[in-house]
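Accompanying notes for the structure given below.
The values are calculated or read from the model by the stated rules, or taken from the named source; none is laboratory data. Bear in mind that the values here come from a model prediction, so they are computed numbers and not experimental data. Cβ: placed from backbone, ideal geometry, glycine included. Neighbour counts: every protein chain shown. Quick note on the areas: whole protein, heavy atoms, side chains included, nothing else; ligands and nucleic acids left out. Shrake-Rupley method; radii C 1.70, N 1.55, O 1.52, S 1.80 Å.
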Amino acid sequence: MTAELAGRAAHGDSAAFEALMRRHNRMLFRTARAILRDDAEAEDALQEAYLQAYRSLGSFRGDAQVSTWLARIVANEALQRLRKQTRRADIVPLQPAAAAELEQVTDSDMDKAPDMTAARHEMRRVLESQIDALPEAYRTVFMLRAVEELSVQETATVLGLPPATVRTRLFRARSLLREALAQKIDVACEDAFSFAGERCDRVVASVLARLNPPKETS
């Protein structure tokens, strides 16, 4: 079905190309985002990559899956932008990466609960920040393999790496994430079920009042 869309798009069917973009948008955006760590820059890279892909559809022979072929184009575009950013950073400091958009809430009753939604957003924020903190080589492999669930061979094709390198980098990325998240959990445990402040004062006052009840006056 995807190959058919690519064939139709190669012959100028704009509706088919739109369908291709919608089918692969999330995976391709995440690919660019993993490399660039900036939402706006990743969107620009994705758009430019789509234009390149559209111009090159006629030369696509189906040697790889369309998704892999597109991801390779997006990765190349993002890597080119990253190299330009690195050169500019020697002159003008880069601005921090834009904050990720809030996750859309599903229709389930649980997700509609404000406290549950806030908790999910916070968990997502922590995870995304730790993924962003990974070295670029590990971060990109992790996004394609663990998040987008591309195969080892597909990831190797997209990034131009040997499959063994993909496996090694994924293992290292997971190890780094586990270490970072474990440290955050350890810190959070220190504040779990906090008993300081108003609650502490209330319990102490209540106990003291029971130990020293007011004397009855005759």
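Before we move on, is Arg8 of a type in the set (Lys, Arg) and in contact with a helix residue (DSSP H, G or I) (Cβ under 6 Å, 6 or more places away or on another chain)? Considered against the rule, which asks whether it is of a type in the set (Lys, Arg) and in contact with a helix residue (DSSP H, G or I) (Cβ under 6 Å, 6 or more places away or on another chain), Arg8 comes out as yes.
On inspection, Glu149 qualifies as open to solvent by 60 Å² or more (accessible area, probe 1.4 Å), modelled with pLDDT of 85 or more and part of a loop (DSSP other than H, G, I, E, B).
Only residues that are at pLDDT below 75 and either under 14 Å from Glu136 (Cβ atoms) or open to solvent by 50 Å² or more (accessible area, probe 1.4 Å) (or both) were counted across the stretch 62-84, and they come to 1.
The set of residues from the stretch 9-35 being open to solvent by 10 Å² or more (accessible area, probe 1.4 Å), among the aliphatic types (A, V, I, L, M) and under 28 Å from Ser129 (Cβ atoms) comprises just one member, Met27.
The rows are residues; the columns are (1) surrounded by 11 or more Cβ atoms within 10 Å (Cβ to Cβ); (2) modelled with pLDDT under 90; (3) assigned to a helix (DSSP H, G or I).
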position: Pro96; (1), (2), (3): no, yes, no
position: Glu101; (1), (2), (3): no, yes, no
position: Asp111; (1), (2), (3): yes, yes, yes
position: His121; (1), (2), (3): yes, yes, yes
position: Ala137; (1), (2), (3): yes, yes, yes
position: Thr140; (1), (2), (3): yes, no, yes
position: Glu154; (1), (2), (3): yes, no, yes
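Before we move on, is Ala6 open to solvent by less than 40 Å² (accessible area, probe 1.4 Å), assigned to a helix (DSSP H, G or I) and of a type in the set (Gly, Ala, Ser)? Yes, satisfied.
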